[in-house]
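Working notes, beginning with the structure itself.
Where a number appears in this text, it was derived from the coordinates with a stated rule and is not lab data. Because the structure is a prediction, the values reported are computed rather than measured. Here the Cβ positions follow ideal geometry from the backbone for every residue, glycine too, while neighbour counts run over all protein chains shown.
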Amino acid sequence: MRRSEFLRAVDREFGARAPMLTTDLVLDAVGGRTAAQALEAGIAPRDIWAALCAETDVPLERRYGVGRLEPQRN
């Protein structure tokens with residue numbers, strides 16, 4: 001997962017709450033950092049996404065493959 005995919009996934013899953021969750025919610029699974037702090041610290045976006053999903057009880061079926069853009073069709 002790339003940073004851009006992480007940001008899209010957070011936006012799609014949490015909508016208007018996304019900015020608050022990434023800057024205010026402390027995630028123990030990434031060293032007691034917020035998602036924003038974890039990104040800045042170089043933690044893999046996939047690990048941050050997994051921690052955020054676990055902390056906010058996102059169902060498993062909505063955790064994988066989100067944030068990806070549909071392939072361009074020529």
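The angle between the Cα long axis of helix 3-14 and the main principal axis of the chain comes to about 80°, on a 0 to 90 degree scale. Amide H contacts for Arg33 (H built 1.01 Å from N in the peptide plane; partners 5 or more residues away or on another chain; cut-off under 5 Å): Leu27.
Helix content alone sets the calculated 222 nm mean residue ellipticity of the chain: runs of n ≥ 4 DSSP H residues at -39500 (n - 2.57) each, divided across all residues, give -13500 deg cm²/dmol.
Here, P(r) means the percent of Cα pairs in each 10 Å bin from 0 to the largest distance; for the chain it is 20, 57, 18, 4, 0. Angle between the Cα long axis of helix 45-55 and the longest principal axis of the chain, 0 to 90 degrees, nearest 10? It is inclined by approximately 70 degrees.
Within the shell of other residues whose beta carbon sits under 12 angstrom from the beta carbon of Leu25, the net charge comes to -1, with Lys and Arg scored +1 and Asp and Glu -1.
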